[in-house]
Amino acid sequence: MHPIQNNDNRHFHRILYAAEANLHCEKNNWNCEIIDLSLKGCLLSFDLPWDENQEKLYTLTLVLSEQAKIEMVLTAMHVVGNKVGFKCEHIDIDSITELRRLVELNLGNSALLERDLLALTEQNPR
């Protein structure tokens, strides 16, 4: 669980976080593995190549403990075989609190987290 170090100009730091999660849409459920997470989305891996509708909204559930979980409403942004990059469209206050804590712990640098939060608010002005 370490931040991905690369030289591109991403607005959000991604953390490697290998964990099982569940993705659902309407009556469909998929078990998946989280490859990485950020405040703005995630990269997921599935057992089979992804051929679902990219325009639908999906809900990701990541259980961290009996008391803590992260739920995000996502849209698929890019697909390469069985790996899908999703953009976060909505996250509730409890989930963003847990995600923020997870990102902060893994970045090990609160200044980087503050930069991510600033970028998030700049992209979603009220």
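The values are calculated or read from the model by the stated rules, or taken from the named source; none is laboratory data. Quick caveat, the model's predicted, so the values are computed rather than measured. Positions of Cβ are generated from backbone atoms using ideal geometry, with glycine treated the same way; all protein chains shown enter the neighbour counts.
Identification of strands (runs of 3 or more DSSP E) wholly contained in the range 30-126 with 1 or more residues that are of a type outside the set (Phe, Trp, Tyr) and modelled with pLDDT under 90 yields no element. Just so you know, in the range 63-101 the residues that are farther than 20 Å from residue 50 by Cβ and of a type in the set (Val, Ile, Thr) include one that is surrounded by the fewest Cβ atoms within 10 Å (Cβ to Cβ), and it is 93.
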